[in-house]
Amino acid sequence: MALSFEEKTRIDLAATFRIIAHLGMHEAVANHFSAAISPDGKDFLINPKWKHFSRIRASDLLLLNADDASNAERDNVDATAWAIHGQIHQRLPEVRVVLHLHPVYTTSIACLAHPHIPPIDQNTARYFNRVAIDTLYGGMADSVEEGARLADLLAGKRRLLMGNHGVMVTGQTIGETFDDIWTLERACQILVTAWSTGQLLKVLSDDVAEKTAQDWEKISDFSRRHFEEMKQLMIESDPSVMD
């Protein structure tokens, strides 16, 4: 029997948690991923409070509605998850997937006095003029007002470099969004490593950087295939991800 859209989304999202844990990009039992399953984006799946990414199964994911304020009182819903993801899914129906992480290299860039990702190679060029920057960190993002502010910053952009905090990447499909946040972390790793040499960076021209970014946007099938390969590795390693 063919899987429903929700069932397939559950498996794909659960696999994403496993992949991120496998790659060491998670942070303890924090951080959250969500995926919309209704046309208006307000019904969405998200991970339960304080469950390690490496143990998440499809059936563990919570189904919430962004208009239901009572979700904030649930013991298995993290306050920051509800504040951020709830507001994005409520306010931005075009956003289908939201991945929020604190990966080492991207967060390092976010902690600079002037966070930016200069285009020095193919990976960094993917983000040329395509990342919103938040420099107003004020503590844990656990209020509806803070979630709304972050949602507003995503207008016209798919990625948000969260100053002194981490990163958020949004997208249309789980596969594309996973590859995006993976490539962003790789780009920041390359950048931090290049800066660590103490040598001047050879920054690409604006024309070349823009052309490279546009070329990335033409190969969403590459991103989806990257995810499918990684998902299959997770399933082969531990089929419980699909339970």
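The values are calculated or read from the model by the stated rules, or taken from the named source; none is laboratory data. As the structure is a prediction and not an experimental result, all values here were calculated from the model. FYI the Cβ positions are ideal-geometry reconstructions off the backbone, even for glycines, and counts take in every protein chain you see. Ligands, DNA and RNA are stripped out before the accessible areas are found, and what is left, the full protein with its side chains, is counted by its heavy atoms. Shrake-Rupley method; radii C 1.70, N 1.55, O 1.52, S 1.80 Å.
Give the residues of the range 215-243 that are hydrophobic (A, V, I, L, M, F, W, C) and closer than 12 Å to ASP12 by Cα, sorted by residue number. Outline the logic, then answer.
Kept after step one, since they are hydrophobic (A, V, I, L, M, F, W, C), are these residues of the range 215-243: 216, 219, 222, 227, 230, 233-235, 241-242.
Answer for the range 215-243, where residues must be hydrophobic (A, V, I, L, M, F, W, C) and closer than 12 Å to ASP12 by Cα: PHE227, MET230, MET234, ILE235, VAL241, MET242.
With respect to the conditions (1) β-branched (Val, Ile, Thr); (2) surrounded by fewer than 23 Cβ atoms within 10 Å (Cβ to Cβ); (3) under 17 Å from VAL144 (Cα atoms), VAL95 lacks only one, and its number is (3). On the stretch given as the range 50-78, residues that are farther than 21 Å from ILE11 by Cβ and within 18 Å of the chain's Cα centre (by Cα) total 2. Evaluate the following for THR177: is it part of a helix (DSSP H, G or I), of a type in the set (Val, Ile, Thr) and crowded, with 22+ Cβ neighbours inside 10 Å? Yes; evaluated as a whole, the condition is true for this residue.
So which residues in the range 25-41 are open to solvent by 50 Å² or more (accessible area, probe 1.4 Å) and of a type outside the set (Asp, Glu)?
Step one: of the range 25-41, the residues open to solvent by 50 Å² or more (accessible area, probe 1.4 Å) are 26-29, 39-40.
Correct list: HIS26, ALA28, VAL29, PRO39.
Would you check if ILE133 is over 26 Å from SER4 (Cβ atoms), outside any helix (DSSP H, G or I), more than 18 Å from the chain's Cα centre (by Cα) and of a type in the set (A, V, I, L, M)? No; evaluated as a whole, the condition is false for this residue.
Residue under question is GLU217, and the condition is that it be free of Cβ contacts under 8 Å to residues at least 12 places away in the same chain and within 24 Å of ASN129 (Cα to Cα); does it hold?
Details: free of Cβ contacts under 8 Å to residues at least 12 places away in the same chain: yes; within 24 Å of ASN129 (Cα to Cα): yes.
Answer is yes for this residue.
Would you mention how many residues in the range 200-213 are exposed (fewer than 11 other Cβ atoms within 10 Å of the Cβ) and not in a loop (DSSP other than H, G, I, E, B)?
Residues of the range 200-213 exposed (fewer than 11 other Cβ atoms within 10 Å of the Cβ): 200, 202, 205, 207.
If we keep only those that are not in a loop (DSSP other than H, G, I, E, B) as well, we get 207.
Within the range 200-213, residues that are exposed (fewer than 11 other Cβ atoms within 10 Å of the Cβ) and not in a loop (DSSP other than H, G, I, E, B) number 1.
Within the group ILE174, ILE133, which residue is farther than 30 Å from SER59 by Cβ, of a type in the set (Val, Ile, Thr) and modelled with pLDDT of 95 or more?
Answer to the selection: ILE133.
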